[in-house]
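We did not get these values from a lab; they are worked out from the coordinates using the rules stated. Every value quoted in this text rests on a predicted model; they were computed, and no experiment measured them. Positions of Cβ are backbone-derived with ideal geometry, glycine not excepted, and every protein chain shown enters the neighbour counts.
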Amino acid sequence: MIQTHFRRTDQNDILSVEISGHAESGPYGYDIVCAAVSALSIGTVNSLVEIGGFTPLVETDEEEGGYLYVALPEDLSEQQWQTAQILLESLCLSCKSVSEEYPQYVAVQEKIE
């Protein structure tokens with residue numbers, strides 16, 4: 001199962017997202033659930049860089065795959081912060097949509113700190 005964890009501030013802003021696990025909804029190379037979550041998450045990271053104009057902290061598991069951690073740096077301008085929030089909220093909503101369609105393969109959790 002793919003686990004997604006969105007960490008939020010008490011104002012409900014997203015600080016980071018951690019995605020781990022494998023959907024295993026189909027054979028390797030044909031797993032549409034994994035492909036969907038991968039495309040959404042990688043697209044978001046690329047958008048943070050290109051549209052947001054900053055590089056987020058990104059950690060991946062190059063050996064095993066199935067792991068992505070993305071955190072916002074602390075030194076963002078207000079505009080970069082707002083852009084990041086739009087992009088990360090879009091990722092959260094999209095992951096929830098995939099989870100609603102395939103609840104046995106994707107779980108979404110949100111934690112306020």
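For region 1-50, filtering for residues that are closer than 13 Å to residue 88 by Cβ, in contact (Cβ under 8 Å) with a residue 12 or more places away in the chain and of a type outside the set (Val, Ile, Thr) leaves 13. Among the conditions (1) without any contact (Cβ under 8 Å) to a residue 12 or more places away in the chain; (2) closer than 19 Å to residue 97 by Cβ, residue 59 misses just one, which is (2). Consider region 65-113 and keep the residues that are without any contact (Cβ under 8 Å) to a residue 24 or more places away in the chain and among the charged types (D, E, K, R). The one that is farthest from residue 12 (Cα to Cα) is 101.
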